[in-house]
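Some notes on the structure that comes next.
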Amino acid sequence: MKLLVPVKRVVDYNVKVRVKADGTGVETANVKMSMNPFDEIGVEEAVRLKEKGVATEIVAVSCGPAACAEQIRTALAMGADRGILVEHDGVLEPLAVAKLLKALVAKESPDLVILGKQAIDDDMNATGQMLAALLGWAQGTYASKIEAADGGLLVTREVDGGLERIQLKLPAIVTTDLRLNEPRYASLPNIMKARKKPIENVKPADLGVDVTPRLTVLKVAEPPTRQAGKKVASVAELVDKLRNEAKVI
Amino acid sequence: MSEMRDILLEQVERLLADQSGPETLRAVEAGVWPAALWTEVEALGLPLAMAPEEAGGVALGWDDAVAVWVALGRAGAPVPLAESMAASALMPALGFVALAQPDGTALWGHAATRVLAGDGALHQAAFTPGKAQPSNEPWDRAALPAGEATVLAGALVNAAKMAGGLEAVLTLSVDYANVRKQFGKPIGQFQAVSQQLSQAAGEVAAAGVAVANAGRAVARRGLSGAEFEIAAAKVITGEATAQVAAVAHQVHAAIGFTQDYHLHFTTRRLWAWRDAFGNERFWAQRIGRAALARGGAKAWPDLAAREDA
C-alpha cells in the first residue's frame, strides 16, 4: 500500500499569534513555524502502518513556499520515504490544495491519503473532505483508530456522543483526530538520514492547477479582551444577576 | 545544516516541553535522577551526537551542539545532556558521561557511567556529594586526576546553557510586566520598568551572539583555537546573568520568590552555571594574561584583526 501524507507549515502551537497592524492577517515573519500537529499525527500513523507491514511507501507532500521543505524533512526524519514540495508563494485556500493533491494522486497513484483533520492556523477542516469529493473516494474523517481489514480499512471515528466504526474500500481518504496516536520524536540519526532522502520540487502550473484565491479576507482582528468576572455573595444574588443582567435564564 | 538544526531543535524543544515541567525540576533538586527523560534523550541519539560515526555518533558540529545546549538552558536543563555530549565529543563512550571540573566536581557525577576528568581520560569514580549550589543540582566530588582538558568544553557548555536561561528569564519578565497592573496600567508601560527590561534584552542578545560565535569558532578551529571566543562568551554570559537575574526579580517582586512560580528555577541555575568551569573573573584573567603575553599594546590590534567566526 502506497501512502500520501500532506503536511502543512503553520505557526508553532506554542507561539502567541499576533495580528498584523494593518489587519490583513497574522504575523508570520520571525515566528517559529512547525508542522501542523494533526498532520504530524498523520505522518506517525503512516509510519506505524509501514512498520506493521501494511504500507510499503510513504510520500510526504507540502504545498507552500520553499520553506515548507523543512516540514517535509521532518516527515522524512520521522520515517517517510520521499517528499514532494508544491512550491507556491501566495495564499493557498483549501480547495486549491485539494486540487493540487488530486493532481498528485493522479501522478503517484497512492492507495491511501492521510491528512490532518484541520490545520491549526485557519481551522478550515475542509481539505480532506474536498479531496475525497474531487476524487470520488471513500473518506473516514476524525479518525481515532485505523486498522487494515478485508482489503480495506476499518476506521474508528470520533463523533458527538461516541465512536463510530466504518469500513472503507481503498483507495480512500482518512483525516486524523487528536487521539489517533502520539507522534514520535525524530531521532538524530534519522534526522541525518533524512538529509539524503529526495524531495521533488514542482509548481502548481506543472500540475495544471489554477490556485488563484476565490476568497477575499476583509479583516483579521484580535478577539475582544475578556471582561473581569464578578463575585457574588449568595446563590440568590447569582440567580438575580443571571436573570436580570445577563438575561440568560 | 541550518534546516537540520531547526528540525533537531524542534524535536529537543518538544521533548523538553513534554517532560521537563516543574515536577521534573523539583524531583531533580531532591536528588532524583530523571531516568525517563534520560531514556528519551538516549533514544534520540543525543548523548553520543558529537562522536564520530564509527563510535556511534553522527559527528554533530560544535555550532549545532551549542544551539541544543541553549535550548536545554531555556528549559532549565533537567538532564546533564550538554555535559555528556561535550564529553563524548572529546572521548566517545556509551551511557551518561559526566564532565569533571579541574577540582574533581561533576554535575550528576554519582549517576554517571564514567567521567571525563581533567587529564583528558575517562574514569570510573566514586562520587560523594559536593558543595551545595544555588540550583540544588547535585554537583558531586571525586578524587580525580587534575588538569584542564575539560575546562574549555565545560565553559562553553555552561555559557550556552546560560544564554538559554537568560532568554527564558527575559521572556518571563516581559510577559509578567505586560499583565501585572499597578495604578491602572501594566507595569511594563512605566518607563523605569521598560528601561530595565530593554537593558536586560540587550544583555540577553549579547550573550546569545557571544555563545553562537564561540560555537562557530570551535567548529572551525577546535577548542584550543577558540579559547578567546569561549572566554569572551563565559564572561559575557556571566555578566549578563548578574544583571538580568536582578532585573527579573525586581520586575517580578514578591511573586518571583515563590516556589510555585517558575522564575526561581532558572535564576538559581543561572547563578550555579555562572560559577561552573570558571566564573567571569577567571576567564577575564585568562584574556588579560594572553594580552599581556603579547606585550599588552597588541590587545586592540589583535582583537580588531580577529576574523569573524
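Structural remarks
- Single residue of the stretch A:218-249 satisfying the filter (under 36 Å from the mean Cα position of the chain (by Cα) and among the basic types (K, R)) that is most open to solvent (accessible area, probe 1.4 Å): A:R226
- Of the residues screened, B:V66 is one that is among the β-branched types (V, I, T), touching a helix residue (DSSP H, G or I) at 6+ places or on another chain (Cβ under 7 Å), crowded, with 23+ Cβ neighbours inside 10 Å and farther than 20 Å from B:W38 by Cβ.
- Flag for B:G208 being under 14 Å from B:G165 (Cα atoms) and surrounded by fewer than 22 Cβ atoms within 10 Å (Cβ to Cβ): yes
- Verdict on B:E83 being more than 13 Å from chain A (Cβ to nearest Cβ) and at pLDDT 95 or above: yes
- Set B:P102, B:P186, B:P134: member being in contact (Cβ under 8 Å) with a residue 60 or more places away in the chain and over 23 Å from B:G45 (Cα atoms): B:P134
- Strands (runs of 3 or more DSSP E) lying entirely in the stretch A:1-83 (those with 1 or more residues that are within 19 Å of A:I199 (Cβ to Cβ) and of a type in the set (S, T, Y)): A:33-35, A:57-64
- Residues being in contact (Cβ under 8 Å) with a residue 40 or more places away in the chain and either in contact with a helix residue (DSSP H, G or I) (Cβ under 6 Å, 6 or more places away or on another chain) or among the hydroxyl-bearing types (S, T, Y) (or both) - total across the stretch B:105-131: 1
- Condition met for A:P183 (under 18 Å from A:A80 (Cα atoms), modelled with pLDDT of 95 or more and either in contact with a Pro (Cβ under 9 Å, 6 or more places away or on another chain) or small (G, A, S) (or both)): yes
Conditions (1) out of contact with any helix residue (DSSP H, G or I) (no Cβ under 7 Å at 6 or more places or on another chain); (2) open to solvent by less than 60 Å² (accessible area, probe 1.4 Å); (3) over 30 Å from B:M50 (Cβ atoms), marked per residue:
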residue: A:K117; (1), (2), (3): no, yes, yes
residue: A:D121; (1), (2), (3): yes, no, yes
residue: A:W137; (1), (2), (3): yes, yes, yes
residue: A:G140; (1), (2), (3): yes, yes, yes
residue: A:R157; (1), (2), (3): yes, yes, yes
residue: A:R165; (1), (2), (3): yes, no, yes
residue: A:A172; (1), (2), (3): yes, yes, yes
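- Lone qualifier among A:P213, A:P183, A:P223, A:P189 - being of a type outside the set (K, R), within 14 Å of chain B (Cβ to nearest Cβ) and part of a loop (DSSP other than H, G, I, E, B): A:P183
- Hits in the stretch A:1-40 (condition: open to solvent by 60 Å² or more (accessible area, probe 1.4 Å), within 14 Å of another protein chain (Cβ to nearest Cβ) and without any contact (Cβ under 8 Å) to a residue 40 or more places away in the chain): A:N14, A:K16, A:R18, A:N30, A:K32
- For first residues located in the stretch A:175-202 and among the aromatic types (F, W, Y), partners that are assigned to a helix (DSSP H, G or I) and lie 6+ apart or on another chain with Cβ distances below 6 Å form the pairs A:Y185/B:Q11; A:Y185/B:L15.
- Close pairs (9 angstrom Cβ cut-off, 6 or more residues apart or separate chains): over 12 Å from A:G25 (Cβ atoms) in the stretch A:209-221, of a type in the set (K, R) anywhere: A:V209/A:K99; A:V209/A:K102; A:D210/A:K99; A:V211/A:K99
- Pick from the stretch A:192-210, criterion more than 9 Å from every other protein chain (Cβ to nearest Cβ) and part of a helix (DSSP H, G or I), ranking: nearest to the chain's Cα centre (by Cα): A:P204
- Residue in the stretch B:105-127 that is in a helix (DSSP H, G or I) and in contact with a strand residue (DSSP E or B) (Cβ under 7 Å, 6 or more places away or on another chain) present: yes
- Of residues in the stretch B:56-80 being at the interface with chain A (Cβ under 10 Å from one of its Cβ atoms) and free of Cβ contacts under 8 Å to residues at least 60 places away in the same chain, the one farthest from B:K234 (Cα to Cα): B:G56
- Those helices (runs of 4 or more DSSP H) lying entirely in the stretch B:210-309 with at least 2 residues in contact with a helix residue (DSSP H, G or I) (Cβ under 6 Å, 6 or more places away or on another chain) and closer than 30 Å to B:L197 by Cβ: B:227-252, B:263-275, B:280-293
- Out of A:V47, A:V43, A:V59, sole residue that is at pLDDT 95 or above, buried (at least 20 other Cβ atoms within 10 Å of the Cβ) and within 14 Å of chain B (Cβ to nearest Cβ): A:V43
- Being assigned to a helix (DSSP H, G or I) and over 24 Å from B:E23 (Cα atoms) holds for only one residue in B:A159, B:A59, and it is B:A159.
The values are calculated or read from the model by the stated rules, or taken from the named source; none is laboratory data. Because the structure is predicted, anything quoted here is derived from the model rather than measured. Using ideal geometry, Cβ is built from the backbone for each residue, glycine included, and neighbour counts are taken over all protein chains shown. When the accessible area is computed, the model is the full protein with side chains, heavy atoms only, and any ligands, DNA or RNA have been set aside. Shrake-Rupley method; radii C 1.70, N 1.55, O 1.52, S 1.80 Å.
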